[in-house]
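Take a look at the structure below.
The values are calculated or read from the model by the stated rules, or taken from the named source; none is laboratory data. Please read all numbers here as calculations on a predicted model, not as lab measurements. Glycine gets a Cβ as well: all are built from the backbone with ideal geometry, and neighbour counts include every protein chain shown.
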Amino acid sequence: MTGNCLKILTPISSSRPPLFSLLSKPTKTQFKTSSSFVLSVKMSYHKELAAAKKAASLAAQLCQALNSCSLSPLCKVQKVLLQSDVQSKSDKSPVTVADYGMLVVSGRAACSQALVTFVLERELPSEPFSLVAEEDSTDLRNDGATDTLERITKLVNETITSDGSYSVPTLSTEDVLKAIDSGKSEGGSAGRHWVLDPIDGTKGFVRGDQYVIALALLDEGKVVLGVLACPNLPLASICGDYHKSSNNEVGCLFYAEVGAGTYMQSLNGFFTCEGWYKSLPLKNSEEASFFESYEKAHSQHDLSSSIAKKLGVKAPPVRIDSQAKYGALSRGDGAIYMRFPREGYREKIWDHAAGCIVVTEAGGVVSDAAGNPLDFSKGKYLDLNVGIIVTNQKLMPKLLKAVKESLEEQSSSL
C-alpha cells in the first residue's frame, strides 16, 4: 500500500458543508493506484456514498449495543435473542436475527438488512433499487417463526423512530419481509446493484470479536464505492497481539469512492487523535505481517503458512473474522492477506466487494491466486483461480511467485 492514502476524519455535522467539499482532491498517485474504471473518475457517487455510510453506521450501532449492553434495560432481551435465535447456515456458519435487522438499545437503534434497504430506498428515492444480499426471509415465513418476525417488526419500527430522520407509517410484518427480500437481485454487468453482507463474520459477531457491516455499489459490474462498518475493530493498529492491547477504543468506519481514495472515521463520533495513516510501503517481505481468516474452515492455514515461509515472513499470522482484514490492511496494519477456501467453496461477491475497493483506493492490489483482478460482474459468485490474495504493488510479484510454487507443491503431494 502506498503512503498517505487513508485519512482520519472527524464526523461532519449537518450544519457544515458536505463531507467531500472539505477534502483535498485525490493525488495523482491515488488515481494511478485505484480502480481503472475510467468513467468513475468523471462520475460522482457522493450522494450514494453518503446514503451507504448512513445505512452501515446505523447497523453498526446496533451491533455495538448488542455486544456492550450491560447498562441497557433491554440487555436481557438481547441476550435471549442471541441465544435462542441463532440458526445454522448450510455452510455451518451461524445466522442470527441481527442479520435481518434486530435490536438496538441506548436510543441508537439500527438494524441490518431490512434497515439498510429502508435507508437506501429513502435516501435515494429517484434511483432504481437493486440489492444483492446474503439473507432472505424464507425462515421467517415459516409457521414457527411468528414470534421472531413480530419481534423483528417491532424493533425495526423502534429503530426507525429512534433515528429520527424519517416520518413514515409503522411498518407491518409484511413490509419488513419485503424489505429483507429486496436482496434477491442477481447482480450482473448491467445497471447498478447494491451489494450487502448485513453481518460479515457471524461467528465473530457471536463471539464478540471482529465482524463487519459491508455495503458496496456496483455500476456496470464495477465496484464504485464501499463501506465497512467495523464495530469491534480498534482505532489503533492491530499489529501484534491486539487481543492484549490496552487501547479499548473500538469502532471504525472505512469508506471509499472510486478515484477519490479511502478514508476512516470512528463510529462513535470521536477520536483520540487525527492525522494521516501511512500504509507501510514494504519492499522486504521478511518485514511483512499477514492476515488470514480466523476459522480454519474458511481458509487453508497450512497453505498460507507455506507461502509465508517462502516469503521469509517472520511474524505470526493475524487471524480475524470478516472484511475487517481489508480495512486494517488499508491503513497499514499489515501487508498481506491470503484466503484459500477449501475445494468446492464458491466465493460470494458480498464477502469481498466493499473490502476490495477500500484496499485498492488505498493503493493496494487485490487479485485471485493467478494475479487476475476480481470480477464482480458475473452475478452473486466470483469466478476465481483458487483463492484471493491482497498486498501492496511492490510485494505482489513476490507473493504471486510464492503462491504459485506452494500450489504446485501442494498439487504434487496429493
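Here are a few things to note about the model shown:
- Test: residue in the stretch 135-151 that is in contact with a helix residue (DSSP H, G or I) (Cβ under 6 Å, 6 or more places away or on another chain) and within 17 Å of ALA214 (Cα to Cα): yes
- Condition check for GLU292: of a type in the set (Asp, Glu), at pLDDT below 90, more than 12 Å from GLN210 (Cβ to Cβ) and touching a helix residue (DSSP H, G or I) at 6+ places or on another chain (Cβ under 7 Å): yes
- Across the stretch 189-211, the qualifying residues are those that are in contact with a helix residue (DSSP H, G or I) (Cβ under 9 Å, 6 or more places away or on another chain) and on the phi > 0 side of the Ramachandran plot, and the one among them that is surrounded by the fewest Cβ atoms within 10 Å (Cβ to Cβ) is GLY208.
- Identity of the residue in the stretch 148-161, modelled with pLDDT of 80 or more and surrounded by fewer than 17 Cβ atoms within 10 Å (Cβ to Cβ), that ends up farthest from the chain's Cα centre (by Cα): GLU150
- Residue in the stretch 364-379 that is within 17 Å of PRO341 (Cα to Cα), outside any loop (DSSP other than H, G, I, E, B) and not aliphatic (A, V, I, L, M) present: yes
- When residues of the stretch 366-383 are limited to those that are touching a residue at least 12 places away in the same chain (Cβ under 8 Å) and farther than 25 Å from GLU135 by Cα, the one surrounded by the fewest Cβ atoms within 10 Å (Cβ to Cβ): ASN372
- Residue check for TYR326: in contact with a helix residue (DSSP H, G or I) (Cβ under 6 Å, 6 or more places away or on another chain) and at negative phi: yes
- Residue match in the stretch 392-400 (condition: basic (Lys, Arg), assigned to a helix (DSSP H, G or I) and in contact (Cβ under 8 Å) with a residue 24 or more places away in the chain): yes
- Qualifying position, being more than 17 Å from ALA51 (Cα to Cα) and at pLDDT 95 or above, among GLY144, GLY188: GLY188
- Considering the conditions (1) of a type outside the set (A, V, I, L, M, F, W, C); (2) at pLDDT below 80; (3) assigned by TED's automatic domain parsing to the domain that holds ALA51, GLN300 is excluded by exactly one of them, (3).
Every residue, every condition in (1) surrounded by fewer than 24 Cβ atoms within 10 Å (Cβ to Cβ); (2) at pLDDT 95 or above, yes or no:
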{"site": "VAL318", "(1), (2)": "yes, no"}
{"site": "SER330", "(1), (2)": "no, no"}
{"site": "ILE336", "(1), (2)": "no, no"}
{"site": "ARG346", "(1), (2)": "yes, no"}
{"site": "CYS356", "(1), (2)": "no, yes"}
{"site": "GLY364", "(1), (2)": "no, no"}
{"site": "ASN385", "(1), (2)": "yes, no"}
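- Subset of the stretch 162-183 [at negative phi and surrounded by fewer than 14 Cβ atoms within 10 Å (Cβ to Cβ)]: SER165, TYR166, SER167, VAL168, PRO169, THR170, SER172, GLU174
- When CYS239 is tested against (1) of a type outside the set (Asp, Glu); (2) in contact with a helix residue (DSSP H, G or I) (Cβ under 8 Å, 6 or more places away or on another chain); (3) not in a helix (DSSP H, G or I), exactly one condition is not met: (2).
- Taking the conditions (1) buried (at least 19 other Cβ atoms within 10 Å of the Cβ); (2) among the aliphatic types (A, V, I, L, M); (3) over 18 Å from the mean Cα position of the chain (by Cα) in turn, ALA214 satisfies each one other than (3).
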